[in-house]
1. Name the residues in region 277-313 that are of a type in the set (Ser, Thr, Tyr) and surrounded by 14 or more Cβ atoms within 10 Å (Cβ to Cβ), would you?
2. Considering only region 44-82, state which residues are among the polar types (S, T, N, Q) and touching a Lys or Arg at 6+ places or on another chain (Cβ under 7 Å).
3. Given the options Leu45, Leu79, Leu88, Leu59, name the one that is modelled with pLDDT of 80 or more and open to solvent by 80 Å² or more (accessible area, probe 1.4 Å).
4. Taking only pairs six or more apart or across chains, which ones have beta-carbon atoms under 8 Å, a first residue in region 449-463 that is more than 11 Å from Lys359 (Cβ to Cβ) and modelled with pLDDT under 85, and a second residue that is open to solvent by 50 Å² or more (accessible area, probe 1.4 Å) and of a type in the set (Lys, Arg)?
5. Does region 184-195 contain any residue that is under 30 Å from Gly73 (Cβ atoms) and not in a loop (DSSP other than H, G, I, E, B)?
6. Kindly indicate the residue of region 196-210 that is part of a loop (DSSP other than H, G, I, E, B) and open to solvent by less than 40 Å² (accessible area, probe 1.4 Å) and also farthest from Val232 (Cα to Cα) among those meeting that condition.
7. Can you find a residue in region 93-115 that is closer than 17 Å to Leu24 by Cβ and either surrounded by 17 or more Cβ atoms within 10 Å (Cβ to Cβ) or modelled with pLDDT of 85 or more (or both)?
8. So which residues in region 152-183 are in a loop (DSSP other than H, G, I, E, B) and open to solvent by less than 70 Å² (accessible area, probe 1.4 Å)?
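The values are calculated or read from the model by the stated rules, or taken from the named source; none is laboratory data. Model, not experiment: these values are computed from the prediction. Counting neighbours? That spans all protein chains shown, and the Cβs are built from the backbone with ideal geometry, glycine included. Calculation scope for accessible area: heavy atoms of the full protein, side chains included, ligands and nucleic acids excluded. Shrake-Rupley method; radii C 1.70, N 1.55, O 1.52, S 1.80 Å.
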Amino acid sequence: MFSNLAGNLSVKHTYALLAISEALAMLSCLFLSMNDSQHSFFDHLRCLGCIVFVIIGFLSMAAMGLYRPLQRGTSREQLARILLSFALASVTEGVIVYSIPMTSIAPKTVFMALGLSFLVVCALRYGFNKLHTTGLFKHRVLVLGAGARACIIQDKLRRTSDRKGFQLLGYVRIEGDAAGIRQQDLLTVDLNQLADFVERHKIEEVILAADQHQNYLPMDELHECRLVGANVIDIASFIERESGKIPLTLIPPSWMACGNGYRISRQLVRMGKRLFDILISLLLLVMVWPIMLVTAVLIRLESGPGASILYQQTRVGLRGKPFKIYKFRSMKIGAETNGAIWAQKGDQRVTAVGAFIRKYRIDELPQLFNILQGEMSFIGPRPERPEFVEQLSHNLPYYDVRHQLKPGLTGWAQICYSYGSSEEDALEKLQYDLYYIKNFSFLLDTLILIQTVEVILFGKGAR
């Protein structure tokens, strides 16, 4: 019974349960660290301190990517992330308890609770990872199809980290499928008894991935599969759910017009997003203006008194309208006299200061003024140059859909994929951008905002 219940939880739900468990564990550690001489449990300031303690711990771990279901890395790397998250939490808590004495919890108690929480969280993560390896929280899935469409699961979702949410039993060849799936992964199933097979093997999801599914799929048996409790889903929706991107090679032309989501154009939603942009940008400007000042001084010292500090570049914005984007200059003067080209790893045009500020995204900070002017949003697809947009719009399907909302300083594609420097990279990032546009919510924006900290601290994707 417990196995069936666990199997019905998506991988996102299991991480939500993990977050709740760790929050309760941190709160318990804080209570254990308190002594009887402190104020009553029902003291309002004490309660506020407890809430702040848990929120800071959660946000620090989220910022290190510890609640991303598709997070890759060894156990040692995960331990390093936990350690960094608690180091970040300690610094934040230190600032609060020493400069904003609004709680009645002693600093010694806070830091003792952080140390204890670190040990408990490590133990919880170890147990959580062990449970995931058993397959307890995974959906048991069967793929109907063994051709080109089914190969996308075999090729694109092949890593263990890609399959945290499902356990693949195998593929069933359907008439009309091209060859592609490995022989050892094929299953022999009587399609006329498909529902019995699904029920007998406790399969919870059947994925439709046949190359010619309209003509050869056993529709009556698929209906029976639903009646015995299995979910039936097309491969495009499955890939979207498990990978966080829209698989452009699988979706029909009617997908954009008829699919769920794509409701960001509603006036109330746009007003809420605009208010979110203004508040976050103003808050960030207050926090980072000293960094911006130091950056400006370093650029001037490196390039000389006559060199410009800021760099303006034309980008394509909302509904395809061009605008001037602001950046700290990170390249040598005259770096693009021969025209626009993709930035490459180890680009010789980048200055020494420019390499550093690019790695940690400091060069993007002047775009906060673009956001306040209303030309950009804080979160959205990255704006591209007109030269690249013209090329990509011609070669990539649905590329212009990116311009249905304002470009962003950060976005879903930026935290999920590395820096793009080719048309193939642009295709991958487009699939993430379309997922964001389709599934937009303020909760998703908040998650992107938090996880952008990881991108900055680890210098992910910088060129």
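1. Matches in region 277-313: Ser281, Thr295, Ser303, Tyr311.
2. Residues of region 44-82 among the polar types (S, T, N, Q): 60, 71, 74-75, 78.
Once the filter is applied, which keeps residues that are among the polar types (S, T, N, Q) and touching a Lys or Arg at 6+ places or on another chain (Cβ under 7 Å), region 44-82 yields only Gln78.
3. Leu79
4. Glu454/Lys460
5. Yes, region 184-195 has at least one match.
6. At the first step, the residues of region 196-210 found to be part of a loop (DSSP other than H, G, I, E, B) are 201-204, 209-210.
Add one more test, that the residue is open to solvent by less than 40 Å² (accessible area, probe 1.4 Å), and what stays is 203-204, 209-210.
Numbers: Ile203: 11, Glu204: 9, Ala209: 11, Ala210: 13 Å.
Result: Ala210.
7. Within region 93-115, one or more residues are closer than 17 Å to Leu24 by Cβ and either surrounded by 17 or more Cβ atoms within 10 Å (Cβ to Cβ) or modelled with pLDDT of 85 or more (or both).
8. Taking region 152-183 as the starting set, the residues that turn out to be in a loop (DSSP other than H, G, I, E, B) are 157-160, 164-165, 173-182.
Passing the criteria: Leu157, Lys164, Gly165, Ile174, Gly176, Asp177, Ala178, Gly180, Ile181.
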